[in-house]
Amino acid sequence: MVVHGQKKQTKSLPKVAKTKVKKDSGASQVKKIQRAPWVTQPSKMTSEKWKKLQVGMAEKWPQPDYMVVVDPGRSHTNYRDETYTIVSRWTADTKIEFRPHAKAPGSKSHNRYEAYAKARTIGEALKFGTYPADWCWDYERGFIKVVGGFVREQPLDPSDDGDQKNVLTDVDVVVTKWFKREAARMLGFTLKEMGEQKSWCEDILMRLRRSVAERKAKVILEECDRLNRKINDADVYTVLDSWAFRRNVTRINVLPDGATFVYSDTVGLIPARDGRIMTTPPTIDFPCSVKVLARYLKDNLPADVPFFPFTSININKNYAGRLHRDSNNVGPSCIKAFGDFTGGALNYFPNDDKQTHLEDLDLKESVSIDLKNNLTLFDGRRGHWVSPFEGNRYSLVWFTCARCVKAEDAVKVQLKEREMNFPNEKQIHSVLGKLAPPLGAGADKKKVAAGGPQFKAWPISAAPKDVKRKLGLFSKPCGKKARNGGS
């Protein structure tokens, strides 16, 4: 039966597919099998009516921004990294809307779409017979959008065989199994091999999310070069909000009470246990992301501090570091916080000369510095901690790694290519004089004033209200002011 308005399918010779079969000898030969011819499917909608309904829909339901960029050689079912990182975070309670009548009548996909497009959550979409591959396909074409509900900050770890199985929803189970198969295909492993590699999930999720951050950073750098503008807070937030953080269990000195890890990474130089000074892997693999973070500092230094040397950038996410002193820094550091949060001030003991135990420092002698609105030069080797906060907070600390002068020439070149200000001996000593030395606990405030500043804070122009720039992932369109850099 053919619905009025649809063209009748003309007869043609059946298509032939080639399938390999094995003989007893082990040799292979090609056996020809016939495929069923394509047949027009009956539907309740005519082609003419469908075409009228499509007018203006492409503008109301656009594809994600990242789909505008052509990716040659990628098949239509080999989805973008951005798509995987989005869909793998959806839950049964993620609220969605489907574009009305997105698929043309006359095919099985039209009838199937008309049935499942009634779903209002991912949980309902699964019950209506859809799967993650369908969601990826529809999302990349602008047929589905998230309008609310719960979306995970990080995808579930399919390699976790712990007690979480008892609380997983049907959507969680389907998504994790699907993602494991997709990861195996992308990495070239069998499912058995994936099960034997305990770190595969973390590695693939890291690569996917950081590759998204890297592409956004590249767009930001190109835009800044084209418009001759500076890197701003919104640019940095855009990169950090897409960045994937490892659970860092080594920063014992900053762990909040009860915590066993913090989300913290370092790009640039770090001292290795064997005495070498080496570059961290993310520094090599994601150069544009590092450039954005490095250039931000260079673009926003005040007139009285035209140059600040640094070899490393510590990147932190959503934790309030407890009272501590930094141990591997040479001289002062610069620090800045980014995001939509309240609280989270830096509390700093300007006169801490390390002669007093941290626990014995008098809180009255500390100062509170607003890092959300100020770029601050301080000495991390003096006691400091972060106040509690609410919201999403990232922080960057630019510093010079101890023994950095011992780094090999090739390492120095890598850092300079990523726009880090690798210092020489003279510059290191110069930056040491930027801040007055500590006078010790209980120092007279008049002496402090005479000795010069022990920290400097410069206000940075407020970022646009919507700090997530529209570069494709996790963001809604922002205003013209934000796209042009804002201030």
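The values are calculated or read from the model by the stated rules, or taken from the named source; none is laboratory data. All values reported here derive from a predicted model rather than from experimental measurement. Neighbour counts are summed over all protein chains in view; Cβ atoms, including those assigned to glycine, are modelled from backbone coordinates with ideal geometry.
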Is one or more of the residues making up region 312-335 hydroxyl-bearing (Ser, Thr, Tyr) and either within 23 Å of ARG215 (Cα to Cα) or without any contact (Cβ under 8 Å) to a residue 12 or more places away in the chain (or both)?
yes
Restricting to region 320-332, and then to whatever is part of a loop (DSSP other than H, G, I, E, B) and touching a strand residue (DSSP E or B) at 6+ places or on another chain (Cβ under 6 Å), can you tell me which residue is surrounded by the fewest Cβ atoms within 10 Å (Cβ to Cβ)?
ARG322
Do the conditions hold for THR342, that is, is it farther than 26 Å from SER242 by Cβ and hydroxyl-bearing (Ser, Thr, Tyr)?
no
When (1) out of contact with any His (no Cβ under 8 Å at 6 or more places or on another chain); (2) surrounded by fewer than 20 Cβ atoms within 10 Å (Cβ to Cβ); (3) aromatic (Phe, Trp, Tyr) are applied to TRP385, the one that fails is (1)
From (1) aromatic (Phe, Trp, Tyr); (2) closer than 23 Å to VAL236 by Cα; (3) out of contact with any helix residue (DSSP H, G or I) (no Cβ under 9 Å at 6 or more places or on another chain), pick out the condition that doesn't hold for TYR348.
(2)
If you scan region 333-351, which residues turn out to be assigned to a strand (DSSP E or B) and not charged (D, E, K, R)?
SER333, CYS334, ILE335, ALA337, PHE338, GLY339, PHE341, THR342, GLY343, LEU346, ASN347, TYR348
Please determine whether any residue of region 308-322 is touching a helix residue (DSSP H, G or I) at 6+ places or on another chain (Cβ under 7 Å), modelled with pLDDT under 95 and basic (Lys, Arg).
yes
Region 62-134: helices (runs of 4 or more DSSP H) wholly inside it with 2 or more residues that are closer than 23 Å to ARG152 by Cβ and out of contact with any strand residue (DSSP E or B) (no Cβ under 7 Å at 6 or more places or on another chain) are 81-87, 122-127
Among helices (runs of 4 or more DSSP H) completely within region 150-260, the ones holding 3 or more residues that are under 25 Å from TYR131 (Cα atoms) and at pLDDT 85 or above are 170-187
Test TRP135 against the criterion of being surrounded by 15 or more Cβ atoms within 10 Å (Cβ to Cβ) and at pLDDT below 95, and give yes or no.
no
For region 298-319, enumerate the residues that are in a loop (DSSP other than H, G, I, E, B) and either out of contact with any Gly (no Cβ under 7 Å at 6 or more places or on another chain) or at positive phi (or both).
LEU301, PRO302, ALA303, ASP304, VAL305, PRO306, PHE307, PHE308, PRO309, PHE310, ASN318, TYR319
